[in-house]
Amino acid sequence: AGSKWFDAPEGLSSYIDKLVAQCTNTQFHTNTAIKKLIPVVIDGEKKYQLLKDDGGFVIDGDGNPIAYDDVVVSTPAYVTSEMLSALDDDTIKELRENLAKITYYDTTVVFHQDPRYLSPNGTVVHTR
């Protein structure tokens, strides 16, 4: 069995940067430490407020917590499970159970200059 390498020549954050650039009618809050998604009902519709690690909410220019229709979470499974713990919904409960089953392993990052191991993109940084 051989190793299969995956490269992100521009870094993993480049995927998020491109998403933000293409979704011009969407509000993004990146690099914000969120502790929990808090469900709220506004005008009969379920929305979500974002509780930050510091205990405050993500707020608008007037200082009011922002209520989001949808939230994209891109964190490890164990972090996501905790973030969703305030949501009392059967689908979310099942998702949290499945997230709890995901195991992680240590990752090795290798920097080298051996041309025999260059990726097709010419990078010399590999993760596995």
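The values are calculated or read from the model by the stated rules, or taken from the named source; none is laboratory data. From a predicted model like this one, the values you see are computed outputs, not experimental measurements. A quick note on method: Cβ atoms are made from the backbone with ideal geometry, for glycine too, and the neighbour counts reach across all protein chains shown. Each accessible area value is taken on the protein alone, full model and side chains, heavy atoms only, with ligands, DNA and RNA left out. Shrake-Rupley method; radii C 1.70, N 1.55, O 1.52, S 1.80 Å.
Quick one: which residue in VAL71, VAL58 is closer than 30 Å to PRO9 by Cβ, in contact with a Phe, Trp or Tyr (Cβ under 9 Å, 6 or more places away or on another chain) and surrounded by 10 or more Cβ atoms within 10 Å (Cβ to Cβ)? So that I can check it myself, show each step before the final result.
On the way: VAL58 fails: closer than 30 Å to PRO9 by Cβ.
That would be VAL71, the only listed residue that is closer than 30 Å to PRO9 by Cβ, in contact with a Phe, Trp or Tyr (Cβ under 9 Å, 6 or more places away or on another chain) and surrounded by 10 or more Cβ atoms within 10 Å (Cβ to Cβ).
Select, from THR108, THR123, the only residue that is over 19 Å from the mean Cα position of the chain (by Cα), loosely packed, with under 10 Cβ neighbours inside 10 Å and either of a type in the set (S, T, N, Q) or at pLDDT below 70 (or both). Write out each step before concluding.
Details: THR123 fails: loosely packed, with under 10 Cβ neighbours inside 10 Å.
Just a single option satisfies the conditions, and that option is THR108.
If I filter the stretch 4-15 down to residues being in a loop (DSSP other than H, G, I, E, B) and open to solvent by less than 70 Å² (accessible area, probe 1.4 Å), which single residue comes out as nearest to VAL71 (Cα to Cα)? Working first, answer last.
Within the stretch 4-15, the first condition is being in a loop (DSSP other than H, G, I, E, B), and the residues that meet it are 4-12.
With the extra rule that they be open to solvent by less than 70 Å² (accessible area, probe 1.4 Å), the set shrinks to 7-8, 11.
Details: ASP7: 27, ALA8: 24, GLY11: 23 Å.
If we take residues in the stretch 4-15 being in a loop (DSSP other than H, G, I, E, B) and open to solvent by less than 70 Å² (accessible area, probe 1.4 Å), then GLY11 is nearest to VAL71 (Cα to Cα).
Being over 27 Å from SER119 (Cα atoms), open to solvent by 60 Å² or more (accessible area, probe 1.4 Å) and free of Cβ contacts under 8 Å to residues at least 24 places away in the same chain is true for just one of LYS18, LYS46, LYS35. Which residue is that?
On the way: LYS18 fails: over 27 Å from SER119 (Cα atoms); LYS35 fails: free of Cβ contacts under 8 Å to residues at least 24 places away in the same chain.
Selected residue: LYS46, the only one of LYS18, LYS46, LYS35 that is over 27 Å from SER119 (Cα atoms), open to solvent by 60 Å² or more (accessible area, probe 1.4 Å) and free of Cβ contacts under 8 Å to residues at least 24 places away in the same chain.
Between ILE92, ILE102, ILE38, which is out of contact with any Leu (no Cβ under 9 Å at 6 or more places or on another chain) and not aromatic (Phe, Trp, Tyr)? Outline the logic, then answer.
Working: ILE92 fails: out of contact with any Leu (no Cβ under 9 Å at 6 or more places or on another chain); ILE38 fails: out of contact with any Leu (no Cβ under 9 Å at 6 or more places or on another chain).
Result of the check over ILE92, ILE102, ILE38: ILE102.
Kindly list the number of the only condition in (1) at pLDDT 90 or above; (2) more than 23 Å from THR26 (Cβ to Cβ); (3) touching a Ser or Thr at 6+ places or on another chain (Cβ under 8 Å) that fails for VAL58.
(2)
Of the conditions (1) of a type outside the set (Asp, Glu); (2) modelled with pLDDT of 90 or more; (3) not in a loop (DSSP other than H, G, I, E, B), GLY63 satisfies every one except a single condition; which number is it?
(3)
Residues that are among the β-branched types (Val, Ile, Thr), in a loop (DSSP other than H, G, I, E, B) and at negative phi: does the stretch 42-56 have at least one?
Step one: filter the stretch 42-56 for residues among the β-branched types (Val, Ile, Thr), giving 42.
Filter once more, so that each one left must be in a loop (DSSP other than H, G, I, E, B): none.
No, the stretch 42-56 has no match at all.
May I ask you to list pairs of residues, at least six apart or on different chains, whose Cβ atoms are under 9 Å apart, with the first in the stretch 79-104 being exposed (fewer than 13 other Cβ atoms within 10 Å of the Cβ) and the second being among the aromatic types (Phe, Trp, Tyr)?
Close Cβ pairs satisfying both conditions: ALA100/TYR78; ILE102/TYR78; TYR104/TYR78.
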